[in-house]
Amino acid sequence: MISKNKANFIISLQKKKVREEEKLYVIEGDKIVKEFLEARVPVNMLVAKPEFLNSLPLVHKQGIAEVIPSSYEELKKISTLKTPHNALAVIEMPDIKMDMVHLEKDLTVALDCVQDPGNLGTIIRAAAWFGIKNLFCSIDCVDVYNSKVIQASMGAILHVNVFYIDLLDLLKTSSRNRIKVFGALIDGESIYSYKLENHGIILLGNESKGISEELIPYITDRIMIPKISAARSGIDSLNVSMAASVIFSEFTRSRGRQN
């Protein structure tokens, strides 16, 4: 049984300020909790139904600071989901150091003011799928530890480092080091015919406003996904997470051609 104090503490982690102060965040769902345990991520607390706890190998339980058996009704009170799963865990935030060397050697992603949690989570999932390990978010992007972001990422957050940074400073650094910046713009060249690189920064903008004006001068390569459909209404743009998946896929295809 979970105490009232611990229940209130878990609920308080729904607030970004509390998460940042405690350096903790919450994950929910049988599959994602098991993935985190298998990855040996430090788990501060696991609240779960007895049958879920009994299904865990002993080696996975050893890395948990506190295990609390719970009923469905108790989980429902602390869950952010309409239909809670069998397990909820409180996870320690990783202490990841930013290494700017990745900008020169790898393909990275920069997000400018992406606000929707589902979009950020899906972009993280797509980045993990296509082997992109580092993602730079502007300070005004939605918090990566927002519960909806975590749910949308489906465990991919384990494989992608997410940093919050002043994107203008980042792009100034890239410019000084002659690192290419591939900006997704409506007036860019078709990504299907453009010569892509296996390193550089893919810059994606806000859901409605696109890339900020102050960042555009630092874009070295303007790319876009052309609309093939002849429909004049109902399809005026791609969701940013959909666009990200297409762009990541094309960069992967390009790497295959270069290898």
Practice prompt. Provide the per-residue ³J(HN,Hα) series for the stretch 28-37, in order, calculated from phi with Karplus coefficients 6.51, -1.76, 1.60 and θ = phi - 60°, each as a whole number of Hz, with x at glycine and proline positions.
Written response: 9, x, 4, 5, 5, 4, 5, 5, 5, 5
Worksheet, complete the sentence: Net charge (Lys, Arg +1; Asp, Glu -1) of residues whose beta-carbon lies under 15 Å from that of Ser70, Ser70 excluded, is -1
Worksheet item: Could you give the accessible area per residue of the stretch 39-146, probe 1.4 Å, as a whole number in Å²?
Response: 49 Å²
Item to complete: Calculate for the chain the 222 nm mean residue ellipticity that helices alone would give, adding -39,500 (n - 2.57) per DSSP H run of length 4 or more and normalising by residue count, nearest 500 deg cm²/dmol.
Response: -10000 deg cm²/dmol
Item to complete: Provide the percentage of antiparallel DSSP beta bridges, counting only those with both residues in the chain; round to the nearest 5.
Response: 30 percent
Worksheet, complete the sentence: Percent of all Cα-Cα pairs per 5 Å bin for the chain, counting from 0 up to the last occupied bin, reads 1, 6, 13, 16, 16, 14, 10, 9, 7, 5, 3, 0
Response to the item:
A correct Karplus calculation of ³J(HN,Hα) over the stretch 131-146, with 6.51 cos²θ - 1.76 cosθ + 1.60, θ = phi - 60°, whole Hz and x for Gly and Pro, returns x, 8, 9, 10, 10, 9, 10, 5, 4, 8, 6, 4, 5, 4, 9, 4
Discussion item. Tell me which trypsin sites (Lys or Arg not before Pro) from the stretch 1-106 have a DSSP coil assignment and no more than 15 other beta carbons within 10 Å of their own.
Written reply: Lys15, Lys23, Arg40, Lys82, Lys97
Discussion item. Could you identify which residue out of Ala65, Ala110, Ala126 has the top mean-square fluctuation in a GNM of the chain using Cα springs shorter than 10 Å?
Written reply: Ala65
Item to complete: Using only Cα atoms, tell me the angle between helix 117-129 and the longest principal axis of the chain; keep it within 0 to 90° and round to the nearest 10.
Response: 80 degrees
Worksheet, complete the sentence: Scattering profile of the stretch 121-176 from the Debye formula, Cα beads only, expressed as log10 I(q)/I(0) at q = 0.18, 0.22 Å⁻¹, is -0.60, -0.82
Worksheet item: Using every alpha carbon pair in the stretch 1-57, what percent of pairs falls into each 5 Å bin from 0 up to the bin containing the largest distance?
Response: 4, 16, 26, 24, 20, 9, 2
Worksheet item: Using Cα-only point scatterers and the Debye equation, what is log10 of I(q)/I(0) for the stretch 39-140 at each q in 0.10, 0.14, 0.19, 0.24 Å⁻¹, rounded to two decimals?
Response: -0.44, -0.79, -1.05, -1.20
Item to complete: Tabulate in residue order the Karplus-calculated ³J(HN,Hα) for the stretch 57-65, using 6.51 cos²θ - 1.76 cosθ + 1.60 with θ = phi - 60°, rounded to whole Hz; enter x for Gly and Pro.
Response: x, 4, 4, 6, 6, 5, x, 9, 5
Worksheet, complete the sentence: A student applying the Cα gyration tensor rule (rounded when a/c is under 1.5; otherwise prolate if a/b is larger than b/c, oblate if not) would label the stretch 165-223 oblate
Item to complete: Write out the GluC sites (Glu not before Pro) in the stretch 22-81 meeting two conditions: DSSP loop, and at most 14 other Cβ atoms within 10 Å of their Cβ.
Response: Glu66
Worksheet, complete the sentence: The percentage of the accessible area of the chain (probe 1.4 Å, all protein chains present) made up of carbon and sulfur atoms, to the nearest whole number, is 51 percent
Discussion item. Please report the antiparallel percentage of DSSP beta bridges with both residues in the stretch 118-259, rounded to the nearest 5.
Written reply: 10 percent
Discussion item. Please check: in the Gaussian network model of the chain (C-alpha springs, under 10 Å), which one of Ile228, Ile157, Ile27 has the largest mean-square fluctuation.
Written reply: Ile228
Practice prompt. Using only alpha carbon pairs under 8 Å that are at least six residues apart, calculate the relative contact order of the chain and give it in whole percent.
Written response: 18 percent
Practice prompt. With a probe of 1.4 Å, find how much accessible area the stretch 166-225 has per residue, and write the answer as a whole number in Å².
Written response: 54 Å²
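The values are calculated or read from the model by the stated rules, or taken from the named source; none is laboratory data. Here the structure is a predicted model, which means the values were calculated and not measured. Backbone-built Cβ (ideal geometry, glycine too); neighbour counts: all protein chains shown. Just so you know, the surface numbers come from the protein's heavy atoms only, side chains and all, with ligands and any DNA or RNA stripped out. Shrake-Rupley method; radii C 1.70, N 1.55, O 1.52, S 1.80 Å.
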